[in-house]
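In what follows, a single structure is set out as structure tokens and then discussed.
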Amino acid sequence: QPLTASMLAAVPPQEQKQMLGERLFPLIQDMHPSLAGKITGMLLEMDNSELLHMLESTESLRSKVDEAVAVLKAHQAKVPSTNVG
Amino acid sequence: SNGTNASWPPEFCPGVPWKGLQNIDP
């Protein structure tokens, strides 16, 4: 059953993000299995209307995921942490 | 204070209540 704006409107904001995340996560996991949780977390900061659009359009999702991965990698490069490899 | 934000972004875990909204700084 596809997620719709009216379904989202019926629940509190926090729950809206949860519902969107549950739908987005498996799609993102297909593209980037190891980063899916982080990427989903980043995308959930966007507007719900954008997130709904991404659920409808794989192309849109893919481009946003690509952007998120680039931002994430740049961020990880700046933060000193355990660097393997 | 320590200005690094190493835990960003908040990680979404399926089945776990999302609390990312609480972490958003204005």
The one condition A:H53 fails out of (1) closer than 19 Å to B:S7 by Cβ; (2) free of Cβ contacts under 8 Å to residues at least 12 places away in the same chain is (1)
Close pairs (6 angstrom Cβ cut-off, 6 or more residues apart or separate chains): more than 7 Å from chain A (Cβ to nearest Cβ) in the stretch B:4-26, at pLDDT 90 or above and assigned to a loop (DSSP other than H, G, I, E, B) anywhere
B:N23/B:P10
Residue selected from the stretch A:37-57 under the condition under 19 Å from B:G15 (Cα atoms) and of a type in the set (A, V, I, L, M), by the criterion farthest from the other protein chains (Cβ to nearest Cβ)
A:L55
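State which residue is modelled with the lowest pLDDT when the search covers only chain B and only residues that are surrounded by 13 or more Cβ atoms within 10 Å (Cβ to Cβ) and assigned to a loop (DSSP other than H, G, I, E, B).
It comes out as B:W8.
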Could you check the stretch A:25-35 and list, in sequence order, the residues that are among the hydrophobic types (A, V, I, L, M, F, W, C) and more than 8 Å from chain B (Cβ to nearest Cβ)?
A:L27, A:I28, A:M31, A:L35
Condition test on A:Q1, is it of a type in the set (S, T, N, Q) and within 21 Å of B:K19 (Cβ to Cβ)?
no
Yes/no for A:V11 being over 15 Å from B:P9 (Cα atoms), within 13 Å of chain B (Cβ to nearest Cβ) and of a type in the set (V, I, T):
yes
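The values are calculated or read from the model by the stated rules, or taken from the named source; none is laboratory data. Note that the coordinates shown come from a computational prediction; the quantities given were computed from them, not determined experimentally. Note that we place each Cβ from the backbone using ideal geometry, even for glycine, and neighbour counts take in every protein chain shown.
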